[in-house]
Every structure is written in C-alpha cells, then in structure tokens.
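The values are calculated or read from the model by the stated rules, or taken from the named source; none is laboratory data. If you're wondering where the values come from, they're calculated on a predicted model, not measured in any experiment. In this analysis, Cβ positions are derived from the backbone assuming ideal geometry, glycine residues included, and neighbour counts consider all displayed protein chains.
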Amino acid sequence: MTAKSTSKTPERTPLEERLIELIKLKGPITVADFMADALGHPHEGYYMTGAPIGAEGDFTTAPEISQIFGELIGLWLVEAWRSMGSPKDFNLIELGPGRGAMMADILRAARLRPEFTRAAHLWLVETSGRLRHEQQKRLRAGDVKPSWADEFADISQAPSLIVANEFFDCLPVRQFQRVKGGWRERLVGLDPTGAGLGFVLGATPPPAALDLPAQAGDGDIFEISFAAREFAADICALLTEHGGCALLIDYGHIQSGLGETLQAVRSHRYWPPLASPGRADVTAHVDFDALARVAIDAGAVAHGPVPQGRFLERLGLSIRVDTLCKGKSAADAETIRAGAHRIAAPEQMGEIFKVMCLSAPGLPTPAGFDDI
Ligand SMILES: C[S@@+](CC[C@H](N)C(=O)[O-])C[C@H]1O[C@@H](n2cnc3c(N)ncnc32)[C@H](O)[C@@H]1O
C-alpha cells in the first residue's frame, strides 16, 4: 500500500490507555507485542473494530483495484493443482481474505475447470469477525462453500493450495537498534512526557543466538518477524507432508537487510506508527529472504520472489486486459486499463510488491517463476 503523509492530529484511544497502564506497571513492551495488540486486540484491535479496506476505509489492495488480479491467480492455482496430479480432495486456503474480493475472482476464473472447484475445500483464515461477515456475503452465492479457521493449525491435513495477499505484512516484527557498537532491542515505552507512547531501548543486549548483522552503523535498525517465520514453517510442514504450494504476495525486500519498515496508514495516508493504536493499520515489509530460508530448512522449495508486475504479465495480464476491454465503452475500458496499470506498473505496485511460491519438493517450477 502506498500513501501520502497525514495531516490529522492523533487522538488518544482506549487501547493506548491500556498500553500506557501496562507499561507503567511492567515496563516497555516489544514492537511485536505492540503490533499484535494494535491489529489484533480482541476488543480494541484495528482489524476487530474498523472497516479498513476500500475507498471509505484506510487502504486498498490489488484484488480490490482490479478483478484481473484474482482471476490470474485463479488460473495459476488451477495449473498448480494439475501439476500436483489433480487431487480429488484438496484444501484451497486463503490467509487474511479481507473482503473476499480475491477469492471471488479466483473461484470465477477456476470455473473453467469444474473438477478443480469440485475437489476444493475452501478455508479462510481470518481473525476479524466483521471481515468474516463480508467474506460470507461475497462468497455465499458461489458453488464452493467456505469454512473459517481462527488458526492455520485448525485446517485439516490434506494436499493444499494456499494464497495470501498482504497477510504476512500484518505479522508482528521485533526491532533491534545498533547503539555504540552493540545491539539493543527497540521497545515501546513511554515518551519523554510520560503521557504517551514512545520508542525506548532495552537495557541489555539481545541474545547472541539472534545472529544480528555484524555490519551495521550506529542508529541502524534490523527487524525480525518471528511470527512470519513460524507461520512459514507451519505452511511448509503441511506442504512437505501432504503436498501442494503457497503463493505469498506482499510488499517487502528480496534480501534481509538493515532499515526500519514499520509503518502505519490511516485514511489512505501515512500515520505515526505508535499514534492512536487500534485506529490505524500497522505493517512492516516482509523479509522474503528469511521466509525462503525457513522453507529450505523445512525441506520445501522457495521460488522467487518475483516483482508483482512481472509475475502478472507472465500470467497474461495484457491479454486479459484486451479481452475484458472488448465491447466496453471508452470510459469502462479506461477504468480496466487504469486498474491493471496500478497493480503492475513498476512505479505503482508492480515493483515494491513481490510474489513468492513455497512448494512441496518434486513439483515443477510454477507458472510465473521460470527464468528468474
Ligand atoms: C491488509 S488485509 C488484506 C486483505 C486481502 N488479502 C486483500 O488483499 O484485500 C489483511 C487481512 O489479514 C487479516 N489478518 C491480519 N492478521 C491476521 C492474523 N494474525 N490471522 C488471521 N488473519 C489476519 C485481516 O483481518 C485482513 O483480512
């Protein structure tokens, strides 16, 4: 997601009050704990209380911008299923389905192969009750009925095809900062006035086992998402045991590296990450390098990442645009072309967003990942 800077003044939220009380009582918390509460606190978390996605919300996503995004992924999934030997029963899993737009487009495109939709058991992994409701409304008319899972571990063990768009960026990161030649964890404590939240540094060095980069200058920040690594490990355990693959799409970096990527967005504008927790979307770039290493350690295969624009073009974006535009009014055709440009052009979402595939060993290179 991309945005301009905010002009609004942050307001104090109930979650902020709770966090300040907690920090006064127990001391600073990790950035990961802050992020987990800001997004997922059962009563005050951003995804529990708001209507985040779309023009009226805080941000928009590729499947919300263009139907072609989900349609091409639908065709990719059908091809991946065929390469697995067309199993008669398999899990079709979406992590963090938002308003269900991508899955609706996937299922419409996949109708080209009715055997695929007949074999699919659709699972949606979603924490937000409000978004589950929207997913149900969007998908209830279709021929594949969804089941919802609170946790990935709740899904039945079977060959699986998994998709996740802008899901891994919601998983909490911890931050470490280089100070006077050593590392300290960057924590969320109280600001100098004692009345609000602010970044502080941990008193002791983090454990050596974290293997923080040796080459860093004073002030540099390194982020680690243990939550993302654990999620990738769970995915790979399912894939290596039962077969299948996972398509992960997110903004992030190809190689692990220094730099702060924690950011917040509200009303389509950047927002100070610690301000008004629960009212802004807080995310961090995905470290695809780290996810690939988890996959390899688990005996799975990591393909990519490939920039989103190149991936979509390889799947036939331009051809689909031309087909959809046929017979449309000039204005409608322009809307279709503008949507495709936004999701694929390098200066828009085409370069910063990346696509990675984790797969069970022994499967052919998936479509879109050849010659990278
Ligand atoms: C940025 S939105 C992306 C929505 C959708 N994939 C799209 O592209 O429009 C993140 C989605 O992940 C869900 N989510 C965030 N953290 C989650 C978690 N820990 N477990 C399950 N779902 C989560 C949110 O509720 C939301 O549906």
Answer yes or no as to whether Gly45 is within 11 Å of the ligand (Cβ to nearest atom), within 17 Å of Arg269 (Cα to Cα), out of contact with any strand residue (DSSP E or B) (no Cβ under 7 Å at 6 or more places or on another chain) and touching a residue at least 40 places away in the same chain (Cβ under 8 Å).
-> no
Flagged in region 52-76 as more than 11 Å from the ligand (Cβ to nearest atom) and surrounded by fewer than 21 Cβ atoms within 10 Å (Cβ to Cβ), in numbering order, are Ala55, Glu56, Gln67, Leu75
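Residues to consider are Gly142, Gly100; find the one that is more than 8 Å from the ligand (Cβ to nearest atom) and on the phi > 0 side of the Ramachandran plot. Spell out how you get there, then give the answer.
Values: Gly142 fails: on the phi > 0 side of the Ramachandran plot.
Gly100 is the lone residue from the list that is more than 8 Å from the ligand (Cβ to nearest atom) and on the phi > 0 side of the Ramachandran plot.
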Give the number of residues within region 13-42 that are closer than 28 Å to Arg184 by Cβ, part of a loop (DSSP other than H, G, I, E, B) and within 16 Å of the ligand (Cβ to nearest atom).
-> 1
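Could you look through region 277-301, keep only residues that are small (Gly, Ala, Ser) and surrounded by fewer than 21 Cβ atoms within 10 Å (Cβ to Cβ), and pick out the one that is nearest to the chain's Cα centre (by Cα)?
Narrowing region 277-301 to residues small (Gly, Ala, Ser): 278, 280, 284, 290, 292, 295, 298-300.
Within this subset, residues satisfying the condition of being surrounded by fewer than 21 Cβ atoms within 10 Å (Cβ to Cβ) are 290, 298-299.
Details: Ala290: 15, Ala298: 21, Gly299: 23 Å.
That would be Ala290.
Please pick out the residue among Leu131, Leu107, Leu39 that is out of contact with any Lys or Arg (no Cβ under 7 Å at 6 or more places or on another chain), buried (at least 16 other Cβ atoms within 10 Å of the Cβ) and closer than 30 Å to Gly243 by Cα. Outline the logic, then answer.
Details: Leu131 fails: out of contact with any Lys or Arg (no Cβ under 7 Å at 6 or more places or on another chain); Leu39 fails: closer than 30 Å to Gly243 by Cα.
The match here is Leu107.
Which of the strands (runs of 3 or more DSSP E) found entirely inside region 161-256 contain at least 1 residues meeting this: touching a residue at least 24 places away in the same chain (Cβ under 8 Å), within 21 Å of Asn91 (Cβ to Cβ) and away from the ligand (no atom under 16 Å from the Cβ)?
244-253
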Filter result (touching a Lys or Arg at 6+ places or on another chain (Cβ under 8 Å) and either without any contact (Cβ under 8 Å) to a residue 12 or more places away in the chain or on the phi > 0 side of the Ramachandran plot (or both)) within region 48-81 | Gly54
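Return yes when Gln136 is among the polar types (S, T, N, Q), within 14 Å of the ligand (Cβ to nearest atom) and over 20 Å from the mean Cα position of the chain (by Cα) and no when it is not. Walk me through it before giving the result.
Values: among the polar types (S, T, N, Q): yes; within 14 Å of the ligand (Cβ to nearest atom): yes; over 20 Å from the mean Cα position of the chain (by Cα): yes.
So Gln136 passes the test.
Residue under question is Phe90, and the condition is that it be at pLDDT 95 or above, aromatic (Phe, Trp, Tyr), in contact with a Gly (Cβ under 9 Å, 6 or more places away or on another chain) and within 11 Å of the ligand (Cβ to nearest atom); does it hold?
On the way: at pLDDT 95 or above: yes; aromatic (Phe, Trp, Tyr): yes; in contact with a Gly (Cβ under 9 Å, 6 or more places away or on another chain): yes; within 11 Å of the ligand (Cβ to nearest atom): no.
Against the criterion (at pLDDT 95 or above, aromatic (Phe, Trp, Tyr), in contact with a Gly (Cβ under 9 Å, 6 or more places away or on another chain) and within 11 Å of the ligand (Cβ to nearest atom)), Phe90 does not qualify.
Being of a type in the set (S, T, N, Q) and either under 20 Å from the mean Cα position of the chain (by Cα) or at pLDDT 95 or above (or both) narrows it down to one residue among Ser156, Ser128; which is it? I'd like the intermediate steps shown before the answer.
Working: Ser156 fails: either under 20 Å from the mean Cα position of the chain (by Cα) or at pLDDT 95 or above (or both).
That would be Ser128, the only listed residue that is of a type in the set (S, T, N, Q) and either under 20 Å from the mean Cα position of the chain (by Cα) or at pLDDT 95 or above (or both).
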